[in-house]
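Notes to accompany the following structure.
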Amino acid sequence: MTRPARWLIPILILICFAVAMAVIWTRTAESEHEVAFSAPTQVTATPTLAPTPEPRATPSATTAQSTPTQVANSTVRAPSPAASATIAKTTAARTPAPNDRVFVGAGDIASCVSNGDEATALLLDNISGTVFTLGDNVYPNGTSSDFTNCYAPSWGRFKTRTRPVPGNHDYGTGSASAYLKYFGAAAGDASKSYYSYDLGAWHLIALNSEIVASLGSPQEKWLRADLAANPKTCTLAYWHKPRFSSGPHGSDVTFRALWQALYDYGAEVVLNGHDHDYERFAPQNPDGEPDSAKGIREFVVGTGGASAYPFLSVRPNSEAQIENVFGVLKLTLHATSYDWQFMPVAGETETDMGSAACH
């Protein structure tokens with residue numbers, strides 16, 4: 001057999017080496033591509049103090065969209081790829097404009113048997129702007145002594161910049177008289193306990209989930225009249241009990257009429273509490289169907305500090321869930337858009353943030 005020329009051997013070795021390096025480089029690039037576009041995770045940790053929560057309603061049947069896996073004492077939930085892409089596209093930094101406003105708060109807040117409200121109040125100490133509450137301002141029964149002894153020492157120091165709504169615990173004595181007396185004019189007309197106001201370029205509407213809110217009710221008629229009289233580009237509404245929730249209390253069809261009115265007039269955001277967790281939904285219509293054109297984005301922010309609830313299952317269109325973590329939701333309201341950021345208490349790292357344009 002004829003032997004190859006000796007000068008060919010080094011060339012063959014170099015060719016083999018080049019092919020091997022090309023294969024290794026290709027596999028490495030594919031691996032890095034997969035890591036760069038994998039869905040981010042959201043982690044929930046056990047708080048240091050979780051008193052016995054209020055009685056919970058049996059949640060409605062829901063469809064899980066994420067598969068929780070146990071990691072030590074935490075639960076890791078991965079958002080869907082579509083949700084992850086939305087977050088990635090909407091987290092670019094913005095330069096504050098002169099008319100921007102900060103709207104920050106939570107619901108399910110103060111209790112004399114929890115230190116959670118003190119921890120969330122420390123967050124508010126360092127955030128300027130208007131403070132909202134999403135009901136169940138103080139436990140257990142919303143009495144005058146509850147407000148004096150449990151709410152005032154923590155969130156009470158922001159009273160002059162707070163615009164509240166009531167929850168079922170604020171009606172613990174059969175009426176919300178202590179709530180209305182404590183907040184005074186900031187809680188709106190005492191005969192209705194729902195009201196609206198402008199904040200920067202936005203129109204904000206504070207509603208009452210503890211009175212009749214059905215189609216044709218005085219509150220629903222007032223809401224439609226208020227929306228018609230205030231045709232802002234960006235509108236936000238907030239009240240205590242959510243239309244949609246993956247928490248133990250679940251979704252409440254009672255508030256469909258309010259959602260319909262807000263949907264008809266092009267509202268952007270609804271904020272609720274009641275379930276003691278954090279959850280963000282994709283824009284949807286009053287029946288919970290995805291609607292990227294006209295849909296309303298709902299946030300459940302029952303993380304003010306009273307106690308924490310777990311998620312039992314996850315509803316369709318739910319894009320982010322954080323459980324067993326106290327914190328506040330900070331909204332930065334721009335002229336035609338908004339940014340959101342869930343800010344956990346000291347010692348926790350779980351967060352959720354993004355931006356969206358108004359309709």
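Please treat every number below as a calculation from the coordinates, not as lab data. For clarity, every value in this text was computed on a predicted model and none was experimentally measured. As a convention, Cβ positions derive from the backbone with ideal geometry for all residues, glycine included, and neighbour counts pool all protein chains shown.
Here's the picture: charge each Lys and Arg Cβ at +1 and each Asp and Glu Cβ at -1 in the stretch 265-359, and of 321, 292, 308 the one pushed furthest to the positive end of that dipole is 292. Using a cut-off of 24 Å between Cα atoms, the listed pairs 181/221; 159/192; 241/294 include 181/221 as exceeding that distance. The amide H of residue 132, built 1.01 Å from its N in the peptide plane, has 104, 105, 106, 163 as neighbours under 5 Å, considering only residues 5 or more places off or on other chains. Near the amide H of residue 110, within less than 5 Å, lie the amide hydrogens of 138, 139, all on another chain or at least 5 residues away, with H placed in the peptide plane.
Between residue 287 and residue 189, the simple spin-label model (points 7 angstrom out along Cα→Cβ) gives 3.4 nm.
3J(HN,Hα) along the stretch 190-204, derived from phi through the Karplus expression 6.51 cos²θ - 1.76 cosθ + 1.60 where θ = phi - 60°, amounts to 4, 6, 10, 6, 9, 6, 9, 6, 9, 9, x, 7, 9, 9, 10 Hz, with x in place of Gly and Pro.
What FRET efficiency, computed as 1/(1 + (r/R0)^6) with R0 = 25 Å and r the Cβ-Cβ distance, is obtained for residue 294 and residue 97, rounded to the nearest 0.05? Given R0 = 25 Å and the Cβ-Cβ separation, E is 0.45. Viscosity 1.306 mPa s, temperature 10 °C: give me the Stokes-Einstein translational D for the stretch 132-236 in µm²/s, with Rh taken as the Kirkwood radius over C-alpha pairs. Rounded, D is 110 µm²/s. Amide H contacts under 5 Å for residue 196: 206, restricted to partners 5 or more places along the chain or on a different chain, H placed in the peptide plane at 1.01 Å from N. Here the stretch 278-332 is treated as an ellipsoid with the same Cα gyration tensor; its semi-axes, largest first and in whole Å, are 23, 14, 7. Separation of the stretch 124-151 and the stretch 313-350, taken as the distance between their Cα centroids, equals 19 angstrom. Taking R0 as 41 Å, what FRET efficiency do you get between residue 351 and residue 198 from their Cβ-Cβ distance, rounded to the nearest 0.05? Using R0 = 41 Å, I get an efficiency of 0.90. In order along the stretch 280-288, the phi-based Karplus estimate (6.51 cos²θ - 1.76 cosθ + 1.60, θ = phi - 60°) of 3J(HN,Hα) comes to 10, 9, 5, x, 8, 8, x, 9, x Hz; Gly and Pro are listed as x.
Taken about its Cα centre, the stretch 254-336 carries a charge dipole of roughly 160 debye when the Cβ of each Lys and Arg holds +1 and the Cβ of each Asp and Glu holds -1. Against the compact-protein benchmark of 2.2 N^0.38 Å, the Cα-based radius of gyration of the stretch 225-281 scales to 1.19.
Taking other C-beta atoms within 10 angstrom as a stand-in for reagent exposure, 240, 276 fall in the order 240, 276, fewest first. Semi-axis lengths, largest first, of the ellipsoid equivalent to the stretch 223-359 are 24, 17, 13 Å, with √(5λ) applied to each eigenvalue of the Cα gyration tensor.
Sequence-ordered 3J(HN,Hα) estimates for the stretch 170-179 from the Karplus curve with 6.51, -1.76 and 1.60 and θ = phi - 60° stand at 6, 9, x, 9, x, 8, 9, 4, 5, 4 Hz, glycine and proline given as x.
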